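Below is one structure, written out as structure tokens; the observations come after it.
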Amino acid sequence: MTERFDLVVIGGGYAGYPSAIRASQLGMKVALVEKSKLGGNCLHRGCIPTKALLQSASMLSELERHGEELGVLTEGVSFDYSQAAKYRDEVVGKLHEGTRYLMRKNGIATYEGAGRFLEPKKIEVRLKEGGEQTLEARYVLIASGSAPRSLPGLEIDHEQVLTSDDVLTMNCLPSSLVILGSGAVGVEFASMYHDFDVEVTVVEILDRIVPDEDAEVSAMLKKSFAERGVRVLTNAKADPKRLRKTNRGVTIGVSTEGGVEVLSAEALLVAVGRRTITESLNLEATRVETNARDEILVDEYYRTAEPGVYAAGDVIGGHWLAHVANHEGLIAAEHMAGKEPTFLDPNLVPRVTFCRPEIASFGLTEDQARERGQEVRIGRFPFRAVGKALIEGEPEGFVKIVSDERSGLVLGVHAIGPRVTDLISEGVFAGLVEGTAQEIAMAVHAHPTLAEVFGEAAMDVDELAINL
Ligand SMILES: Cc1cc2nc3c(=O)[nH]c(=O)nc-3n(C[C@H](O)[C@H](O)[C@H](O)COP(=O)(O)OP(=O)(O)OC[C@H]3O[C@@H](n4cnc5c(N)ncnc54)[C@H](O)[C@@H]3O)c2cc1C
């Protein structure tokens with residue numbers, strides 16, 4: 001029998017489930033279809049398991065680096081990865097249960113199975129428990145997310161050649177690892193595995209690591225990795241044809257400026273980006289359009305070319321971030337419910353990377369602003385000059401504010417250092433309310449806190465920083 005709803009959401013990740021909740025809050029009758037686990041990639045194979053493991057890595061490294069200095073004697077400290085993996089799974093399990101509760105609380109009908117279009121507003125669910133269920137709706141939201149991708153000719157075998165999905169379900173550590181790609185995923189794993197005493201080499205085809213970040217941030221991370229002993233090769237191209245597997249691990253040929261180098265490790269982690277999941281949706285039954293990268297094309301309210309069918313999250317490409325997927329899903333739901341939600345400004349999206357030191361940014365980099373012909377003023381302040389960073393033993397890094405020369409408006413913030421992934425919200429809010437660097441400087445920053453770096457960087461825009 002066909003069930004009828006106002007909205008059917010395909011995919012219960014960070015785009016899909018918040019959208020379902022918002023639609024329900026606004027009075028719509030909602031169904032959510034999830035073929036794997038509610039919470040999606042972010043909860044089960046992305047943001048949460050990585051950060052849980054990074055928390056273990058951070059505690060271990062903090063004890064090793066500063067314990068004794070602070071009078072915490074670390075003699076006898078050992079590390080058990082299987083326990084760290086258990087902690088990872090427990091955190092994921094609690095949040096998974098919380099998400100299931102939210103579905104019940106908001107009266108959302110949840111179908112466990114894979115959804116596909118029969119017609120533009122008719123979805124067939126192949127139920128996990130067996131059989132099919134047809135759902136009809138006024139609106140459909142496609143939130144089917146993404147999966148890891150590989151390099152052409154490089155086959156993932158899930159044993160020696162791995163993706164992030166594979167390493168996040170492993171309960172043991174490799175002794176050595178080559179990581180292809182130095183975007184957020186690549187450097188987070190590099191940082192974490194190095195703290196777990198794994199020998200790590202990062203291979204990046206471009207001329208700098210974290211290449212989407214401000215050049216000064218890339219340079220500082222490279223220096224920091226080098227000091228810690230994480231090997232980084234830039235301008236280096238891995239050749240899938242030169243991959244060899246042995247019973248002790250893998251070797252791969254990498255073309256560098258100095259010639260071909262053969263790297264060997266117990267495993268190879270391919271962290272070169274993601275691809276959208278659209279193949280199983282039978283989009284042919286709709287007028288939904290995709291681009292050459294198979295990303296679904298949408299407008300500013302996330303409407304596809306098929307009336308009443310929306311798409312949000314990784315499946316539309318763009319930022320590939322959970323908090324963006326979340327906002328897109330909320331805007332789509334509000335628009336379906338007849339509201340006029342404010343568009344998401346891509347310049348106000350925070351990018352966060354949880355390596356050590358952390359990286360966070362939003363808006364224009366200095367180079368981008370200058371390339372656009374914008375006159376800019378830069379404020380910069382290092383963590384080593386604020387008391388709290390010294391107290392915490394984390395003096396590495398800085399906050400850099402890019403502001404408009406004449407108006408003082410904050411155009412971008414680029415930060416590397418302790419807890420900048422939390423601190424960046426201050427800059428994003430300033431950007432949202434069209435605040436100036438001078439207004440950030442005017443805001444009273446509590447002492448001693450890491451946030452003082454923001455106030456000082458803002459004062460430095462007018463060369464008025466105090467503590468340097
Ligand atoms: C290792 C790693 C770390 C990350 N860390 C961060 C981070 O720290 N911060 C951050 O912001 N982002 C992070 N991300 C990115 C983040 O995980 C994604 O941006 C986010 O998960 C996108 O959400 P989504 O809902 O669009 O897609 P997904 O989370 O991929 O959810 C899509 C869901 O749809 C389901 N689905 C697919 N097809 C069907 C179908 N036909 N029928 C029913 N269900 C279907 C899938 O099973 C899945 O559950 C990380 C990613 C990775 C890989």
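Some notes on this structure:
- Listed pairs Lys35/Lys105; Lys86/Lys121; Lys35/Lys237; Lys37/Lys223; Lys29/Lys51 exceeding 31 Å between Cα atoms: Lys86/Lys121; Lys35/Lys237; Lys37/Lys223; Lys29/Lys51
- Rounded to the nearest whole Hz, the Karplus-based 3J(HN,Hα) values (6.51 cos²θ - 1.76 cosθ + 1.60, θ = phi - 60°) of the range 297-312 follow the sequence 8, 9, 9, 6, 9, 6, 7, 7, 6, 8, x, x, 10, 10, 8, 8, with x at glycine and proline.
- Net charge of Cβ neighbours under 9 Å - reference Glu132; Lys, Arg +1; Asp, Glu -1: 0
- Taking the charge dipole of the chain about its Cα centre, with +1 at Lys and Arg Cβ atoms and -1 at Asp and Glu Cβ atoms, the residue from Gly130, Cys47, Gly318 reaching farthest to the positive side is Gly130.
- Shown here are the Rg and Dmax of the Cα trace of the chain, at 23.5, 71 Å.
- Packing-based exposure ordering (other Cβ within 10 Å, fewest first) of His319, His44, His66, His158: His158, His66, His319, His44
- Calculated P(r) of the range 47-197 - Cα pairs past 27 Å, %: 47
- Placed amide H near Arg4: partners under 5 Å, 5+ positions off or other chain: Glu136
- Residue (of Ile179, Val140, Ala85) at the positive-pole extreme of the range 68-221, dipole from beta-carbon charges: Val140
- Taking only alpha carbon atoms, the range 161-272 gives an Rg to Rh ratio of 0.94, where Rh is the Kirkwood radius.
- Residue-wise HN-Hα coupling along the range 170-182, computed from phi with Karplus coefficients 6.51, -1.76, 1.60 (Hz; x: Gly, Pro): 6, 10, 9, 9, x, 7, 8, 8, 9, 10, 8, x, 10
- Whole-Hz ³J(HN,Hα) from phi, Karplus 6.51 cos²θ - 1.76 cosθ + 1.60, for the range 80-92, glycine and proline x: 10, 5, 5, 6, 4, 5, 5, 4, 3, 5, 5, 4, 4
- Entry note: the range 348-468 has Rg to Rh equal to 0.94, where both radii use alpha-carbon atoms and Rh is the Kirkwood radius.
Computed from the coordinates by the stated procedures, all read-outs in this text should not be read as laboratory data. Small disclaimer: the values here were computed from a predicted structure and weren't measured. Because the Cβ atoms are built from the backbone with ideal geometry, glycine has one as well, and the counts that use them run over all protein chains shown.
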